[in-house]
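Asker: Attaching a single structure in structure tokens format; questions to follow.
The values are calculated or read from the model by the stated rules, or taken from the named source; none is laboratory data. None of the values given here were measured: they were computed from a predicted structure. For neighbour counting, all protein chains shown are included, and Cβ atoms are generated from backbone atoms with ideal geometry for every residue, glycine included.
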Amino acid sequence: MSEGQAQPAARGGFLSALGIERVHFADGIARFELDAEAQHLNRLGIPHGGVYATLLDSALGAAGCWAGSPDAFRPAVTLTLTVNFVGQPTGRRLIAEGRRVGGGRSIYFSEGEVRDETGALVAQASGSFKVVKAR
């Protein structure tokens, strides 16, 4: 899959229900995007922190799941995820990018951030993930 060809993040899954799209997936990097709408907002009218955390968990986790093609992945689970909320979006499109930064064959580490389409930084995260057997 090339960049710009958005796909539902998971057919029928939680990410799909939220409207999150996987827009880039390659070795060591993944990008997920979401148009923030009314159902994603908190009482202050900004995206709920759980939306940012979900985007980051997905992007950071996927960054270590590459299995040779955009349609193949190694399943993994989150061991730790630390999210820092650092700003508010000025745009509507939320863009989460995760990058694998280390680890081995079964446990890996990723970092990433969420920005809006204007480039405003809204959240940063780091996490550890474990590759598991497919169910």
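Asker: I'd like to verify a number: residues in segment 20-41 that are more than 20 Å from Phe129 (Cβ to Cβ), in a loop (DSSP other than H, G, I, E, B) and either at pLDDT below 95 or of a type in the set (D, E, K, R) (or both), how many?
Answerer: Qualifying residue count for the region: 1.
Asker: If I go through segment 43-72 residue by residue, how many of them are free of Cβ contacts under 8 Å to residues at least 60 places away in the same chain and part of a loop (DSSP other than H, G, I, E, B)?
Answerer: Of the residues in segment 43-72, 10 are free of Cβ contacts under 8 Å to residues at least 60 places away in the same chain and part of a loop (DSSP other than H, G, I, E, B).
Asker: Continuing with this model, one more query. Condition check: in contact (Cβ under 8 Å) with a residue 40 or more places away in the chain and either under 14 Å from the mean Cα position of the chain (by Cα) or over 17 Å from Arg31 (Cβ atoms) (or both). Does Pro89 satisfy that?
Answerer: When the stated conditions are applied, Pro89 does not pass them.
Asker: What tally of residues in segment 89-120 results from selecting those that are out of contact with any His (no Cβ under 9 Å at 6 or more places or on another chain) and surrounded by 14 or more Cβ atoms within 10 Å (Cβ to Cβ)?
Answerer: The number of residues fulfilling the criteria is 22.
Asker: Out of segment 115-135, which residues are assigned to a loop (DSSP other than H, G, I, E, B), within 16 Å of Trp66 (Cα to Cα) and at pLDDT 95 or above?
Answerer: Val132, the sole residue that qualifies.
Asker: Hey, does segment 70-77 have a residue that's under 15 Å from Phe129 (Cβ atoms), within 10 Å of the chain's Cα centre (by Cα) and at pLDDT 95 or above?
Answerer: No: zero hits.
Asker: A further question follows. When residues of segment 81-113 are filtered for being over 21 Å from Trp66 (Cβ atoms) and in a strand (DSSP E or B), how many remain?
Answerer: 6
Asker: Additional query: Give the residue that is nearest to Ala134 (Cα to Cα), with candidates limited to residues of segment 50-69 that are surrounded by 15 or more Cβ atoms within 10 Å (Cβ to Cβ) and among the hydroxyl-bearing types (Ser, Thr, Tyr).
Answerer: Across segment 50-69, the extreme among qualifying residues is Ser58.
Asker: If we scan segment 94-114, do we find a residue that is farther than 17 Å from Asp27 by Cα, at pLDDT 95 or above and of a type in the set (Gly, Ala, Ser)?
Answerer: No, segment 94-114 has no match at all.
Asker: Only one of Gly45, Gly98, Gly87 is within 22 Å of Leu18 (Cα to Cα), out of contact with any strand residue (DSSP E or B) (no Cβ under 9 Å at 6 or more places or on another chain) and not aliphatic (A, V, I, L, M). Can you tell me which?
Answerer: The unique qualifying residue is Gly45.
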